[in-house]
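The values are calculated or read from the model by the stated rules, or taken from the named source; none is laboratory data. Here the structure is a predicted model, which means the values were calculated and not measured. So basically every Cβ, Gly included, is an ideal-geometry build from the backbone, and we count neighbours across all protein chains shown.
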Amino acid sequence: MSDETSNTTHFGFRTVPEGEKAGMVHGVFTRVASRYDIMNDLMSGGVHRLWKDAMMDWLAPRPGQKLLDVAGGTGDISFRFLKRAPGAEATVCDMTESMLVEGRQRADAAQMADRLDWVVGDAMALPFASNTFDVYTISFGIRNVTRVQDALNEAYRVLKPGGRLMVLEFSQLPNPMMQWAYDRYSFNVIPVMGQIVANDRDSYQYLVESIRKFPDQETFADMIRKAGFGLVKYRNLSMGIAALHSGWKI
């Protein structure tokens, strides 16, 4: 068993004790919760909505399925899933209660209340029984987890046999010049935008840095396989600014 008091991990570009990262991430999302959705629109020019729609297109939700949306925050993915799958149910699980509170206040949440649950929980130790869900999604959240492999292992545990994992996350551009241009935008514009809109430059500086620390597409695909998933594939979105990874519990 790992000793969180001696092991270290990254918090953006900083090296921190493993045992401290979850609290630091919790602080980030507590501070930005009320402006999280509007900042997503501003930072991506609304393109994050197209990425999430592409996620649903590949996922192809089916009636009656049970979705677990981890790091589901304000419910974007769950709302999309339920709109496409009559009779389906969704559980939004997030470590930050203030994000869930924002989600519950959205109009979509009221319309789907009978098919939605909101649960505070840790992606590395999910409060659900094994073999419970048909689909597990995590969107722009797994890079914030202290031990990504542990989260993938938990995803495998809670999925039913035949269940599907799908991850939407920022990734790496294959072209060095394009990556350079994207880095200039990310580091020079997004933190300033966070200061202006959310009065919080530091949180958005962390979010930009956390993207650069996340594994590239092939490395992350190998981590999904290591968790036990089969038929692992990925698709680049916007030339690799983001990527969708898919795997099946066979």
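Give the residues of the range 100-118 that are free of Cβ contacts under 8 Å to residues at least 40 places away in the same chain and under 15 Å from residue 85 (Cβ atoms), sorted by residue number.
The answer is 108, 111, 112, 114, 115.
Could you identify the single residue in 127, 174, 215, 191 that is at pLDDT below 90 and in a loop (DSSP other than H, G, I, E, B)?
Values: 127 fails: at pLDDT below 90; 215 fails: at pLDDT below 90; 191 fails: in a loop (DSSP other than H, G, I, E, B).
Criteria check complete, one pass: 174.
With respect to residue 132, is the statement that it is surrounded by fewer than 17 Cβ atoms within 10 Å (Cβ to Cβ) and among the hydroxyl-bearing types (Ser, Thr, Tyr) true? Step through it out loud before you land on a result.
Numbers: surrounded by fewer than 17 Cβ atoms within 10 Å (Cβ to Cβ): yes; among the hydroxyl-bearing types (Ser, Thr, Tyr): yes.
Answer is yes for this residue.
From the list 158, 145, 167, 208, exactly one residue is β-branched (Val, Ile, Thr), within 15 Å of the chain's Cα centre (by Cα), surrounded by 14 or more Cβ atoms within 10 Å (Cβ to Cβ) and closer than 20 Å to residue 81 by Cβ. Which is it? Working first, answer last.
On the way: 158 fails: within 15 Å of the chain's Cα centre (by Cα); 145 fails: closer than 20 Å to residue 81 by Cβ; 208 fails: closer than 20 Å to residue 81 by Cβ.
Step by step, each of 158, 145, 167, 208 is checked, and only 167 is β-branched (Val, Ile, Thr), within 15 Å of the chain's Cα centre (by Cα), surrounded by 14 or more Cβ atoms within 10 Å (Cβ to Cβ) and closer than 20 Å to residue 81 by Cβ.
Show me the strands (runs of 3 or more DSSP E) entirely contained within the range 1-109 in which 2 or more residues are closer than 26 Å to residue 232 by Cβ and within 17 Å of the chain's Cα centre (by Cα).
Values: elements: 8-11, 14-17, 66-70, 89-94.
Strands (runs of 3 or more DSSP E) meeting the threshold: 66-70, 89-94.
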